[in-house]
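Student: Take this structure, written in structure tokens, and hold onto it; I'll ask about it next.
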Amino acid sequence: MSGHCIATRKVLLGLSCKELEEWALLQGQSAYRGRQLHDWLYVKGARSLESITVLPKAWRIELQRKGVTVGRLSELKRVVSVDSTMKLLLGTIDGESVETVGIPTQKRLTICVSSQVGCPMACRFCATGIEGLQRSLWTHEIVDQILSVREAMSRRPTHVVFMGMGEPLLNIDQILASIQCLNEDLGIGQRRITVSTVGVKDALPRLAESAIARLGRAQFTLAVSLHAPNQQLREKLIPTARRYPLESLLTDCQHYLAVTGRRVSFEYILLGKLNDFPQHAEELADRVGGFQSHVNLIAYNPIKGVDFKRPDENRIKAFRDVLERRGIAVTVRSSRGLDQNAACGQLRRQHV
Ligand code: SF4
């Protein structure tokens, strides 16, 4: 970020300690003020400049007059399910809203964050896809989601997954900037961060190159959503797959592994009597067998107005058994928060 850019910066969340020092100097203050701001933004979770009482009052007033803000989102709605999964609907300054979810276990607090308001990928089974894209999120709006869940759950987040609303690979620069901020300012290691994509043509090579350029190494996990073992079925579920054939996506995954040294993991949403037959599992094993990769199976969460079904437990087990027999590492992800409109995008849909 250039000095000029920092001098005119109006939103402070997302800036590193060094950038805040530089910003404070450009405002005619000492670098120490930048370090104080950093502490209040990321450790104390300040929501407004007004609340940062260690800063001189006259300066706070002047900054407010100039339109400088911390850049926090407002909480519009909160739902907590019986298993303590918490979903927040957060409002942006321009009247948009995004969902974020805190998923606690004894040892972990995983936050599922959104990368866009809505999503243009229009996957048939997804509540977010139905609404289309409003816009991509800025870095501070992504970072805020982690701070908001941390506050709401009074607990330190351990893992972050970019699996909420939006397609992260359509917002690569802001995703990488927020990963850098999570790393350096909030202490969440890259290996505890997962970026999930349904695949965007030409984006994987750019993600690998940009991550190495910005972060030094791409150590976060890349999770590629296949959801079907062949092109024909995949196009039915993910319309954008027409422009990006499964073969090309898998070739790009191999390239990503070669460039970053990180294994790609694959996601597969099981839709009852659609993509969950044993022959689909065999076909999937043919496709991903050479990757020595991990496959995550997710049983579909039914949503209103969309005609897909959740497979029963026997079908899930049969699918998993085929993959295991074929030597593929597989996990069936448990659905958390099923009682509280858990599918991504539903809370926002109700709100809008
Ligand atoms: S599943 Fe993901 S990529 Fe597909 S429409 Fe929903 S949010 Fe977008």
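Student: Please list, in chain and number order, the residues 5+ apart from Asn171 or on another chain whose amide H is under 5 Å from its amide H, with Hs placed from the backbone.
Tutor: Counting only residues 5 or more places away or on other chains, the set is empty.
Student: Over the chain, what is the percentage of antiparallel beta bridges among all DSSP beta bridges, to the nearest 5?
Tutor: 45 percent
Student: Lys/Arg Cβ at +1, Asp/Glu Cβ at -1, dipole of segment 74-351 taken about the Cα centre: which of Ile303, Leu170, Ile93 is farthest positive-ward?
Tutor: Of the listed residues, the answer is Ile303.
Student: Counting residues in segment 9-108 as N, plug N into 2.2 N^0.38 Å and put the Cα Rg over that result.
Tutor: Dividing the Cα Rg of segment 9-108 by 2.2 N^0.38 Å gives 1.29.
Student: Taking amide H atoms as placed 1.01 Å from N in the peptide plane, list the residues 5 or more away in sequence, or in a different chain, whose amide H sits under 5 Å from that of Thr69.
Tutor: Residues meeting the criterion, in which the H sits 1.01 Å from N, are Val11, Leu12.
Student: Here's a follow-up. What nm value, rounded to one decimal, do you get for the distance between Ile93 and Trp59 when each label is placed 7 Å out toward the C-beta?
Tutor: A separation of 2.0 nm, rounded to one decimal place.
Student: Going Cα to Cα from Lys44, which lysines come in below 24 Å? Please leave out same-chain ones fewer than 8 positions away.
Tutor: Of all the lysines, those that pass the test against Lys44 - Cα under 24 Å, at least 8 places apart if same chain - are Lys10, Lys18, Lys57, Lys66, Lys77, Lys87, Lys107.
Student: First measure r as the distance between the Cβ atoms of Ile212 and Gln292, then evaluate 1/(1 + (r/R0)^6) with R0 = 30 Å and state the FRET efficiency to the nearest 0.05.
Tutor: 0.85
Student: Here's a follow-up. For Glu151, put the label point 7 Å out on the Cα→Cβ axis and report which residues of segment 34-51 keep their amide N under 14 Å from it.
Tutor: 40-51
Student: Now for a different question. Just grab the label-to-label distance for Ala31 and Lys304, each label 7 Å out from Cα along the Cβ direction, in nm (one decimal).
Tutor: Here the answer is 5.6 nm between the modelled labels.
Student: Turning to a different aspect of this structure: Given segment 267-312, report the % of alpha carbon pairs whose separation exceeds 17 Å.
Tutor: 37 percent
Student: At Arg242 and Cys5, where each label point lies 7 Å from the Cα along Cα→Cβ, what is the point-to-point distance in nanometres?
Tutor: 3.6 nm
Student: Ranked highest first by average number of other Cβ atoms within 10 Å, how do 162-175, 81-94 line up?
Tutor: Put in order of decreasing packing, that is 162-175, 81-94.
Student: So, one more: Using only the Cα atoms of the chain, what do you get for the radius of gyration and for Dmax, in Å?
Tutor: Here Rg and the maximum Cα pair distance are 21.2, 70 Å.
Student: Let me ask something else. Tell me, what is the FRET efficiency for Thr251 and Thr105 to the nearest 0.05, using R0 = 35 angstrom and their Cβ-Cβ distance as r?
Tutor: Calculated transfer efficiency: 0.45.
Student: Given a 10 angstrom Cα cut-off, can you work out which residue in Val288, Val101, Val224 is the most mobile in a GNM of the chain?
Tutor: Highest fluctuation of the listed residues: Val288.
Student: Mind jotting down the distance between the C-alpha centroids of segment 34-100 and segment 255-270, whole Å?
Tutor: Centre-to-centre (Cα) distance: 34 Å.
Student: Now for a different question. Return the long-range amide H neighbours of Arg135 (sequence gap of 5 or more, or a different chain), with a cut-off of under 5 Å between placed amide H atoms.
Tutor: The answer is Val117.
Student: Which of these, Thr139, Thr260, Thr197, has the largest mean-square fluctuation under a Gaussian network model of the chain (Cα springs below 10 Å)?
Tutor: Maximum among the listed residues: Thr260.
Student: Sticking with this structure for a sec: Between Thr158 and Val259, 0.36 nm times their residue separation minus their Cα-Cα distance comes to what?
Tutor: 33.7 nm
Student: Calculate log10 I(q)/I(0) of segment 3-65 for q = 0.12, 0.17, 0.23, 0.24 Å⁻¹, where I(q) comes from the Debye formula with a single equal point scatterer on each Cα and nothing for solvent.
Tutor: Each listed q corresponds, in turn, to -0.24, -0.50, -0.97, -1.07.
Student: Right, here's the next one. Excluding residues fewer than 8 places away in the same chain, name every one of the lysines whose C-alpha is closer than 19 Å to that of Lys309.
Tutor: Reachable lysines: Lys236, Lys273, Lys317.
Student: Before rounding to the nearest 500, sum -39500 (n - 2.57) across all DSSP H runs of length at least 4 in the chain and divide by the residue total; then give [θ] at 222 nm in deg cm²/dmol.
Tutor: Rounded to the nearest 500, it is -11000 deg cm²/dmol.
Every read-out reported here was derived from the displayed coordinates using simple, explicitly stated rules and does not represent laboratory data. The structure displayed is predicted, hence computed values, not measured ones. Ideal geometry is used to build each Cβ from the backbone, glycine not excepted, and the neighbour counts take in all protein chains shown.
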